Amino acid sequence: MAAELFGEDWARAWREEIAASEAYRSAAASWEGAMVFAMTADEACGVPGERRVYLDLWHGDCRDARAAAEEDFTAAAYVLTGAPAVWREVLEGGLEPLLAVMSGKLRLARGSVARLLPYVRAAKELLAAARRVPTEFPGAWSRG
(Lines give C-alpha, C1' and ligand atoms only; values in the text may rest on other atoms or scores of the structure.)
Protein backbone atom coordinates (compact mmCIF):
# COMPACT_ATOMS: atom_id res chain seq x y z
CA MET A 1 0.00 0.00 0.00
CA ALA A 2 1.31 3.42 -0.94
CA ALA A 3 2.09 5.99 1.75
CA GLU A 4 1.82 9.76 1.43
CA LEU A 5 5.15 11.33 0.46
CA PHE A 6 7.09 12.67 3.47
CA GLY A 7 4.38 11.51 5.89
CA GLU A 8 4.89 9.39 9.01
CA ASP A 9 4.10 6.04 7.32
CA TRP A 10 6.30 6.93 4.37
CA ALA A 11 9.20 7.79 6.69
CA ARG A 12 8.87 4.43 8.48
CA ALA A 13 8.79 2.58 5.18
CA TRP A 14 11.89 4.50 4.05
CA ARG A 15 13.70 3.47 7.23
CA GLU A 16 12.86 -0.17 6.51
CA GLU A 17 14.23 0.14 2.98
CA ILE A 18 17.41 1.79 4.29
CA ALA A 19 17.84 -0.99 6.88
CA ALA A 20 17.50 -3.62 4.16
CA SER A 21 20.14 -1.99 1.94
CA GLU A 22 23.62 -3.49 2.19
CA ALA A 23 24.73 -0.97 -0.46
CA TYR A 24 23.71 1.92 1.83
CA ARG A 25 25.32 0.33 4.89
CA SER A 26 28.60 -0.05 3.02
CA ALA A 27 28.56 3.42 1.41
CA ALA A 28 27.63 5.17 4.66
CA ALA A 29 29.98 3.33 7.05
CA SER A 30 31.69 6.57 8.13
CA TRP A 31 28.76 8.97 7.69
CA GLU A 32 26.95 10.36 10.71
CA GLY A 33 24.48 13.13 11.32
CA ALA A 34 20.83 13.92 11.10
CA MET A 35 19.21 15.04 7.86
CA VAL A 36 15.90 16.65 7.07
CA PHE A 37 14.37 16.36 3.63
CA ALA A 38 11.79 19.11 3.12
CA MET A 39 9.14 19.61 0.46
CA THR A 40 8.00 23.21 0.09
CA ALA A 41 4.35 24.17 0.08
CA ASP A 42 2.68 24.31 -3.35
CA GLU A 43 -1.11 24.66 -3.37
CA ALA A 44 -1.30 23.79 -7.08
CA CYS A 45 0.36 20.43 -6.36
CA GLY A 46 -1.86 19.70 -3.35
CA VAL A 47 0.76 20.59 -0.73
CA PRO A 48 -0.76 23.34 1.44
CA GLY A 49 2.16 23.38 3.91
CA GLU A 50 5.76 22.28 4.03
CA ARG A 51 6.36 18.56 4.64
CA ARG A 52 9.57 17.26 6.21
CA VAL A 53 11.19 13.92 6.96
CA TYR A 54 13.91 13.49 9.59
CA LEU A 55 16.59 10.78 9.34
CA ASP A 56 19.05 10.02 12.14
CA LEU A 57 21.96 8.47 10.24
CA TRP A 58 24.82 6.76 12.05
CA HIS A 59 27.59 4.79 10.33
CA GLY A 60 25.44 2.89 7.85
CA ASP A 61 22.39 2.66 10.08
CA CYS A 62 19.24 4.77 10.09
CA ARG A 63 18.46 4.98 13.80
CA ASP A 64 15.24 6.92 13.30
CA ALA A 65 13.03 8.17 10.47
CA ARG A 66 9.87 10.17 10.99
CA ALA A 67 7.89 13.18 9.90
CA ALA A 68 10.13 15.97 11.16
CA ALA A 69 9.15 18.17 14.06
CA GLU A 70 10.34 21.76 14.32
CA GLU A 71 13.14 20.79 16.71
CA ASP A 72 14.38 18.19 14.18
CA PHE A 73 14.54 20.86 11.52
CA THR A 74 16.66 23.16 13.66
CA ALA A 75 18.94 20.39 15.00
CA ALA A 76 19.73 18.58 11.73
CA ALA A 77 23.25 18.84 10.34
CA TYR A 78 21.84 18.85 6.80
CA VAL A 79 18.56 20.14 5.40
CA LEU A 80 17.66 19.51 1.76
CA THR A 81 14.66 21.42 0.42
CA GLY A 82 12.78 21.26 -2.86
CA ALA A 83 9.44 21.77 -4.55
CA PRO A 84 7.01 18.84 -4.85
CA ALA A 85 7.61 18.52 -8.61
CA VAL A 86 11.37 18.31 -8.08
CA TRP A 87 11.06 15.64 -5.37
CA ARG A 88 8.80 13.65 -7.69
CA GLU A 89 11.36 13.85 -10.47
CA VAL A 90 14.16 12.78 -8.10
CA LEU A 91 12.15 9.91 -6.63
CA GLU A 92 11.07 8.66 -10.02
CA GLY A 93 14.70 8.59 -11.17
CA GLY A 94 14.43 11.39 -13.72
CA LEU A 95 16.80 13.74 -11.90
CA GLU A 96 20.05 12.91 -10.12
CA PRO A 97 20.13 14.47 -6.63
CA LEU A 98 23.64 15.95 -6.94
CA LEU A 99 22.71 17.56 -10.26
CA ALA A 100 19.52 18.88 -8.64
CA VAL A 101 21.57 20.49 -5.85
CA MET A 102 24.19 21.91 -8.22
CA SER A 103 21.49 23.34 -10.51
CA GLY A 104 19.55 24.84 -7.59
CA LYS A 105 16.46 22.67 -8.06
CA LEU A 106 17.14 21.19 -4.63
CA ARG A 107 18.63 23.54 -2.05
CA LEU A 108 20.97 22.54 0.72
CA ALA A 109 19.50 24.88 3.33
CA ARG A 110 21.85 23.65 6.06
CA GLY A 111 25.19 21.92 5.77
CA SER A 112 27.77 22.20 3.04
CA VAL A 113 28.09 20.44 -0.27
CA ALA A 114 31.83 20.07 0.38
CA ARG A 115 31.14 18.06 3.56
CA LEU A 116 28.63 15.87 1.72
CA LEU A 117 30.83 15.12 -1.30
CA PRO A 118 32.62 12.14 0.31
CA TYR A 119 29.17 10.62 0.89
CA VAL A 120 27.65 11.05 -2.58
CA ARG A 121 27.40 7.28 -2.99
CA ALA A 122 25.67 6.98 0.39
CA ALA A 123 23.23 9.77 -0.54
CA LYS A 124 22.44 8.01 -3.81
CA GLU A 125 21.74 4.81 -1.88
CA LEU A 126 19.45 6.72 0.52
CA LEU A 127 17.45 7.96 -2.43
CA ALA A 128 17.48 4.52 -4.08
CA ALA A 129 15.86 3.23 -0.88
CA ALA A 130 13.30 6.07 -1.05
CA ARG A 131 12.48 5.08 -4.64
CA ARG A 132 11.53 1.60 -3.43
CA VAL A 133 8.89 2.98 -1.06
CA PRO A 134 5.41 2.77 -2.62
CA THR A 135 4.57 6.46 -2.73
CA GLU A 136 1.39 8.46 -3.00
CA PHE A 137 2.28 11.88 -4.35
CA PRO A 138 0.27 14.94 -3.36
CA GLY A 139 -2.82 15.93 -5.31
CA ALA A 140 -3.48 14.03 -8.50
CA TRP A 141 0.02 12.50 -8.59
CA SER A 142 0.40 8.87 -7.70
CA ARG A 143 2.60 5.87 -8.24
CA GLY A 144 2.65 2.50 -6.59
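The values are calculated or read from the model by the stated rules, or taken from the named source; none is laboratory data. Bear in mind the structure is a predicted one, so any value in this text is a computation, not a measurement. Don't worry about glycine lacking a Cβ; one is built from the backbone with ideal geometry, like all the others, and counts go over all protein chains shown.
Taking into account only those residues within the stretch 94-105 that are at pLDDT 90 or above and outside any helix (DSSP H, G or I), which is surrounded by the most Cβ atoms within 10 Å (Cβ to Cβ)? Filtering first and then ranking leaves LEU95.
Report the residue count in the stretch 15-43 for those that are acidic (Asp, Glu) and within 14 Å of TYR119 (Cα to Cα). Steps first, answer last, please.
Of all residues in the stretch 15-43, those acidic (Asp, Glu) come to 16-17, 22, 32, 42-43.
Then drop every residue that is not within 14 Å of TYR119 (Cα to Cα), which leaves 32.
Going through the stretch 15-43 one residue at a time, the tally reaches 1.
Considering only residues in the stretch 55-107 that are touching a helix residue (DSSP H, G or I) at 6+ places or on another chain (Cβ under 8 Å) and among the basic types (Lys, Arg), the one that is farthest from ARG15 (Cα to Cα) turns out to be LYS105. Do you know which residues across the stretch 61-109 are in contact (Cβ under 8 Å) with a residue 60 or more places away in the chain and either among the polar types (S, T, N, Q) or within 23 Å of GLU32 (Cβ to Cβ) (or both)? The answer is ALA67, ALA109.
Just one residue in the set GLU32, GLU70 is under 14 Å from LEU126 (Cβ atoms) and either of a type in the set (Asp, Glu) or exposed (fewer than 14 other Cβ atoms within 10 Å of the Cβ) (or both); that residue is GLU32.
When residues of the stretch 68-89 are filtered for being out of contact with any strand residue (DSSP E or B) (no Cβ under 7 Å at 6 or more places or on another chain) and either assigned to a loop (DSSP other than H, G, I, E, B) or not hydroxyl-bearing (Ser, Thr, Tyr) (or both), how many remain?
Let us first name the residues in the stretch 68-89 that are out of contact with any strand residue (DSSP E or B) (no Cβ under 7 Å at 6 or more places or on another chain), namely 69-71, 74, 85, 88-89.
Remaining after also requiring either assigned to a loop (DSSP other than H, G, I, E, B) or not hydroxyl-bearing (Ser, Thr, Tyr) (or both): 69-71, 85, 88-89.
The qualifying residues number 6.
For ALA41, the criteria (1) surrounded by fewer than 17 Cβ atoms within 10 Å (Cβ to Cβ); (2) touching a residue at least 12 places away in the same chain (Cβ under 8 Å) hold in every case but one, which is (2).
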